[in-house]
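Trainee: Okay, handing you the structure first.
The values are calculated or read from the model by the stated rules, or taken from the named source; none is laboratory data. As the structure is a computational prediction, the values presented were derived from the model and not from experiment. Here the Cβ positions follow ideal geometry from the backbone for every residue, glycine too, while neighbour counts run over all protein chains shown. Only protein heavy atoms, including side chains, enter the accessible area calculation; ligands, DNA and RNA are left aside. Shrake-Rupley method; radii C 1.70, N 1.55, O 1.52, S 1.80 Å.
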Amino acid sequence: MKNCFINGLSAISTQDTFELDFVNSLKTVNPNENILRATEPNYKAFIPPAAIRRMAKGIKMGVATSAKALEEAGLTQVEAIITGTGMGCSQDSEKFLKNILDNHEQFLTPTSFIQSTHNTVAAQIALRLACKGYNFTYVNGAVSFESALLDACMQITAADIASVLVGGIDEYAAHTFSLYELVGLIKDKKNVPFSVLNPITKGTVFSEGATFFALENTKKASTYAEVVDIQLRNKLTSAELPTFIASFLEKNNLETSAIEVLIVGNNGDVEFDGFYKEAMHGFKDSIHLYYKHLSGEYNTASAFGLWVAANILGQQEIPEILRINAIEKKGYRNIVLYNQYRGLDHSLVLLKSVN
C-alpha cells in the first residue's frame, strides 16, 4: 500500500476525546467499574435536533465523529465510506426484539428494525453527505475496524480513489452486556479494583465508542500520519507470534530497532494478555504504550488505539498516562500497533510519520 494519509480524525470514547485536545483529554477512569460509558458531546452542531431524537447512540456517535474527521481534513465529500463494527446497532436490535415480544408479533413500527442493521451508521453518513460511492461495513469480530482500514487503503492504492472515510463503532446495549457478564467476558464486580497491566482475573472492562478517520492519497497540512501496512491473522499461538511480527516487519523492510513505539491492546484479561508480553519482548528497545485502561474493551477499540498512534506521530508527544516502560526516544517515526481478543483476531498496523 502507498499514499494512504490520515488527514483528519475524531473519537468519541470514555474520555473527553471529542471536545478536548489529545494530551488533555486522557484521564484515569474509575478502576471499580466493569462497564464504561462514552462521554458524549453536544450533537446539535453536527445533527439536526429532530434527527437526534430518532437516532440510537451508535448512530449519533458515528455521524458526529465522521463529520468532525471530514472537517479536520477540509473535505465536504468522499469517494467511499467504510465502517467496521462488532455488534452493530445493538440498542435498536434489542428494542425491536423487545417490541416483538411485548406486542405478540403484531403492530410493529419498522424504525427500530431499519436502524438495527450493522451498516446503518455507514448508510446514515452516506445519506447526509449524498455520497453514492462505495459503501461497505465489516463485521469481523475484533478485526472489524482493521478489515475496514485495510479495505480503505486498498481502495486508495488499487482502485485509484482519492478520499475514504473509515471508522469503527460499537455501542453499549443493556441486555447484550448482561449476557457478556453472565458468560464471564466482562469482569465480575466482586473483583474490584481492576488492573489492565497487572490482571489477576479473567474477563475485561467493556465499553463503547466511535472513531473515524479521513484518508486521502495526498499529504496536506492537516496530515497526522501515513498508514503503511495492515496484516490480519485469525489464529495464532503465542509461540507463532514472533514469526508473525518478524514477517510483517520484513515485508516492510524494517528491523525492530526502527520501531520507536509499540502500542499494545492489553485489556486486563489474565488468560490472554500473555500475547502482549510476548510482543513486547520482541521490541525491547521500543517505547511500550497501552490504551484500553482509558477506552475499555469493545470490538472496535483498536480504532481508538489508531487514534492514539496518529496523534502521537502528528504531535510528536506521548502522554505519560499511556506509558508501560520508561524508554525515551528523540522523535517518533514508526509505530506498530498489535491487538488481539481472547487469543483470536490478531492484527498488526504500521504507521509512519510524514514530518
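Trainee: So which trypsin sites (Lys or Arg not before Pro) in the stretch 125-189 end up in coil per DSSP with only 13 or fewer other C-beta atoms within 10 Å?
Mentor: Working: sites: 128, 132, 187, 189; in loops: 132, 187.
When the trypsin sites (Lys or Arg not before Pro) of the stretch 125-189 are filtered for loop state and at most 13 Cβ neighbours within 10 Å, 132 remain.
Trainee: For the pairs 235/352; 251/352; 235/277; 44/68; 68/95; 187/292, flag any whose C-alpha to C-alpha distance is greater than 20 Å.
Mentor: Over 20 Å apart, Cα to Cα: 235/352; 68/95.
Trainee: Need one number: nm distance between label points at residue 188 and residue 243, each 7 Å from Cα along Cα→Cβ, rounded to one decimal.
Mentor: 3.8 nm
Trainee: Here is a further query. Under 8 Å for C-alpha pairs, at least 6 residues apart: give me the relative contact order for the chain, rounded to a whole percent.
Mentor: Details: 824 pairs, mean separation 87.4, N = 355.
Relative contact order, the chain: 25 percent.
Trainee: Among 261, 58, 108, whose Cα sits farthest toward the positive end of the charge dipole of the chain (+1 at Cβ of Lys/Arg, -1 at Cβ of Asp/Glu, about the Cα centre)?
Mentor: So the residue furthest toward the plus end is 108.
Trainee: Something else: Lys and Arg at +1, Asp and Glu at -1: add these up for the other residues within a Cβ distance under 13 Å of residue 320 and post the number.
Mentor: Taking every Cβ under 13 Å from that of residue 320, the sum is 0.
Trainee: Which whole-number value in Å² is the accessible area per residue of the chain, probe 1.4 Å?
Mentor: On a per-residue basis, the chain sits at 43 Å².
Trainee: I've got another one for you. When DSSP beta bridges are limited to those with both residues in the chain, what percentage is antiparallel, rounded to the nearest 5?
Mentor: Once the DSSP bridges in the chain are tallied, antiparallel ones form about 60 percent.
Trainee: What does the helix-only formula give at 222 nm for the chain: each DSSP H stretch with n ≥ 4 adding -39500 (n - 2.57), the total divided by the residues, and the result rounded to the nearest 500 deg cm²/dmol?
Mentor: -9500 deg cm²/dmol
Trainee: Answer with one residue from 143, 180, 117: the one whose Cα lies farthest towards the positive end of the charge dipole of the chain, charges on Cβ with Lys, Arg +1 and Asp, Glu -1.
Mentor: Of the options given, the answer is 117.
Trainee: Within a Cβ distance under 11 Å of residue 202, other residues only, what is the Lys/Arg minus Asp/Glu net charge?
Mentor: Within the 11 Å Cβ shell, the charges total -2.
Trainee: If you don't mind, another one. Size of the dipole of the chain about the Cα centre, Lys and Arg at +1 and Asp and Glu at -1 on the beta carbon, nothing else charged, in debye to 20? Display every interim value, and only then the final one.
Mentor: Working: 31 positive and 37 negative charges, 69 e Å.
Taking the Cα centre of the chain as origin, the dipole is about 340 debye.
Trainee: Also: Size of the dipole of the stretch 25-76 about the Cα centre, Lys and Arg at +1 and Asp and Glu at -1 on the beta carbon, nothing else charged, in debye to 20?
Mentor: 240 debye
Trainee: Ok, one more. Step through the residues of the stretch 7-20 one at a time and calculate ³J(HN,Hα) from phi using the Karplus curve (6.51 cos²θ - 1.76 cosθ + 1.60, θ = phi - 60°), rounding each to whole Hz and writing x for Gly and Pro.
Mentor: These are the phi-based 3J(HN,Hα) values: 9, x, 8, 6, 9, 10, 8, 5, 8, 8, 6, 7, 8, 9 Hz.
Trainee: Sticking with this structure for a sec: For the stretch 316-355, what relative contact order do you get, as a whole percent, if you take Cα pairs closer than 8 Å and at least 6 residues apart?
Mentor: 33 percent
Trainee: Same structure, new question: List the pair-distance distribution P(r) of the chain, using every Cα-Cα distance, as the percent of pairs falling in each 20 Å bin from 0 up to the bin containing the longest distance, rounded to whole percents.
Mentor: 32, 59, 9, 0
Trainee: Still on this structure, please answer the following. Could you estimate the translational diffusion coefficient of the stretch 95-251 from the Stokes-Einstein equation, with Rh from the Kirkwood formula over C-alpha pairs, at 25 °C and 0.890 mPa s, in whole µm²/s?
Mentor: This corresponds to a translational diffusion coefficient of 125 µm²/s.
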